[in-house]
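Read-outs throughout are calculated quantities, based only on the coordinates presented, and are distinct from any laboratory measurement. Keep in mind that this is a model prediction, so the values were computed, not measured. Every residue, glycine as well, gets a Cβ built from its backbone with ideal geometry; the counts of neighbours run over all protein chains shown.
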Amino acid sequence: MTTQTKMVGPVVRGMDASLAEAMITAIETDNPDVDVDVDDQGGYIRITTPGRCLLTRASLEDALGKSMQLHQIEPQLAGFAGRMLVGDEEVVWYLERED
Amino acid sequence: MPRLPRSEWYDLTRDMNWDLSYITEDEAFPPQLSNSFGVPAHDWWAWDEPYKITYSEYVHNQAGKDAGVYSVNNVLNRSDIWDNLEPGWRAAVIAHYGAIAVAEYQAGIGEARMARFGRAAAWRNMATFGTLDETRHGQLQTYIPYQALAKEPKFDWAHKAYHTNEWGVIAARHLFDDMFLANDAVSMAIQLTFTFETGFTNLQFLGMAADAMKAGDFDFGALISSIQTDEARHAQQGEPTIKVLTKAGKADVAQDLLDRMFWRAWKLFALLTGFSMDYYTPLENRTHSFKEFMDEFINKQFIDQFRDFGLEKPWYWDQLLNEMNWTHHAYHLGVYFWRPTVWWNPVAGVGPAEREWLEEKYPGWNASFGKYWDTMGQNVRDGHPELTLPETFPVVCNSCQLPVCTPAGYAAGYLESPLPYVVEYNGRKYTFCSEPCKWVFEMQPETFAGHLSIIDRLLSGWIQPPDIPGALAYMGLSPEECGVDGTDYDWAGPVPPATKSA
């Protein structure tokens, strides 16, 4: 099997434009050294980075301009690439296997 | 008032595990309902969900989700959006509700089994949310078509379908009984929540949501993508279950459960999502082909996930890649030809522009599948639409319960033989559409051997009279309910007026 960079990150519903935009902005802030890929299909928006994708509550609140608990993204989180780990202050999407 | 971070109290409130003393483990967790696969009771307590949520957070989120879906529905229900949608899109939506709505309630029964027989408190907690999720999905997907009945009588099948012996429903029931209604909690965590929900539901609930927004069906797009946000959470019961099995040296058990259900799920989605995306969705609204969605959600996203747990691609991977080129084209052709046997009005979806698109997405389509449509189109233009309708029955696979399409796969150059696969078991001959379907049966012949396919029922005398009208009646389809060409043969070009329905 060829090794290629696996992209990970959230797949967001296209129903809440402000949250989707804020998540894109926050993920760009939280993953400064990589290109954030945004694939907008209308009904869903795939936001991914190579290998590991971090989203912090602080960046999301900054981008959104209001306070928010991370679990409140769920109504717009329709899926994700990679595995997902949810903490109090951050969410990480990641994959460990390299081949 | 300062609040403790959730992580500092979450495990304490969740982990109500205890040692049994009054009864045995098998009495509390009968293997038929919860197969431990030999993993000791305490090892299951390491089960830890990656996607954590508390009850109060759950209720808050779900109330918001429902408010969103119902408010969109409330606004749009007063509009004429439904009447203005293309016939193909309407067919896709009507097919969806019949195939999915009541199955959601059944999935709720499956989740409830895990909420009781899951082998760790954390798991039972997640499955309790899953039970509520699936109940919500059943309610939404029966309510929304129900309140639109005045506009579309065929929405009756959202509730009716699973109470009939319509052939597609027999296939869906055969699959879902295996996957959750008759499955044990541990197998279900891998087969329902991981294989089916982490993998395949994305195709129908997100892929179709993208198409819905482009087709202007915001009601349906909001609904199915909202449902998928529940799935994304409760599907996470798979990962910790695989981890516990793998740590106990039982990765082969997880791999086997995945392999068996992955193929079965593929067949159902090749039918339902295949024709919905590549033929029913109006050309200008298509975001991707079915094969491209499979590549995105299954061949990349899902494969990456399960390989990360140490599992590997199923042994029949090459067959899957092969079938992705042709199987759903054959299914669509069959559904169109046998259209009186379905509860929606299939569209052909093969006008000149559509054929160009199909040829681009599936090189060789015109020279293979296109030829059948050439003949049907000619028959319609010659004033003989009856020649595009069935007088006999197809052969049905004794595993997936869908028509055996090996001759079409052979004619299109994808198979080496047009013959089906055959197995003799306890003096009976069983027929299969593919090597993996035969393998699924052979892994558990005692489970499947007693089931009669729709064709077995015809040959056994269950269906009387044993002809097309008798079969339609057996399938619960009154003459008014039987599917007809959704565009009144517009796809075939200029046709004699007598061909058109009144």
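The length gained on full extension between B:A28 and B:S501, counted as 0.36 nm times the residue separation minus their Cα-Cα distance, comes to 164.2 nm. For the stretch B:1-77, the percent of C-alpha pairs falling in each 10 Å distance bin, counted from 0 to the bin holding the largest distance, reads 13, 28, 24, 21, 12, 2. For B:L149 and B:N165, the difference between the fully extended length at 0.36 nm per residue and the C-alpha to C-alpha distance is 3.6 nm.
Across the stretch B:136-249, how large is the tail of the calculated P(r) beyond 22 Å, expressed as a percent of all Cα pairs? Taking all Cα-Cα pairs of the stretch B:136-249, the fraction more than 22 Å apart is 46 percent. Take each peptide in B:355-368, B:301-314, count the other Cβ atoms within 10 Å of every residue, and average; sorted highest first, the result is B:301-314, B:355-368.
Over the stretch A:7-94, with a single point scatterer placed on each C-alpha, what log10 of the ratio I(q)/I(0) does the Debye formula yield at q = 0.11, 0.12, 0.16 1/Å? For the stretch A:7-94, the Cα-only Debye profile gives -0.23, -0.28, -0.52. The distance between label points at B:N84 and B:Y70 comes to 2.7 nm (points 7 Å beyond Cα on the Cα→Cβ vector).
When each of the peptides B:336-343, B:486-493 is scored by how many other beta carbons lie within 10 Å of its residues on average, the order from highest to lowest is B:336-343, B:486-493. Remark: mean inter-chain Cβ contacts per residue of B:285-297 equal 1, using a 10 Å Cβ-Cβ cutoff to other protein chain atoms. Modelled this way, with points 7 Å down the Cα-to-C-beta line, the labels at A:D39 and B:S478 are 4.6 nm from one another.
For the pair the stretch B:351-399 / the stretch B:50-81, the C-alpha centres are spaced 41 Å from each other. Our summary of shape: the Cα atoms of the stretch B:53-499 have principal axis extents of 67, 58, 44 Å, ordered from largest down, in whole angstrom. Assuming a ≥ b ≥ c are the square roots of the Cα gyration tensor eigenvalues, decide whether the protein assembly as shown counts as rounded (a/c under 1.5), prolate (otherwise, with a/b larger than b/c) or oblate. The shape class here is prolate. Inter-part distance, the stretch B:93-151 to the stretch B:439-502, computed on C-alpha centroids, equals 27 Å.
Just so you know, the Cα atoms of the stretch B:349-502 work out to an Rg and Dmax of 18.8, 55 Å. Packing order of peptides B:97-103, A:45-51, B:245-251, highest average first: B:97-103, A:45-51, B:245-251 (average count of other Cβ atoms within 10 Å over each peptide's residues). Per-residue extension of 0.36 nm, minus the Cα-Cα distance of B:S7 and B:L20, leaves a gain of 1.9 nm for this segment. In summary, no helical segment of chain B meets the span-like criteria, namely a full DSSP H run, a Cα extent along the axis of 27 angstrom or more and a mean Kyte-Doolittle hydropathy of at least 0.5.
Inter-chain Cβ neighbour count for A:78-90, averaged per residue, equals 6 (cutoff 10 Å, partner chain atoms only). Amide H contacts of B:Y425 (H built 1.01 Å from N, in plane; Pro and chain starts excluded): B:Y430 sit under 5 Å, all sequence-distant by 5 or more or on other chains.
Counts of other chain beta carbons within 10 angstrom of each beta carbon in peptide A:40-48 average 6. Here the simple spin-label model places points 7 Å from the Cα toward Cβ, and for B:K361 and B:Q139 these points are separated by 3.6 nm.
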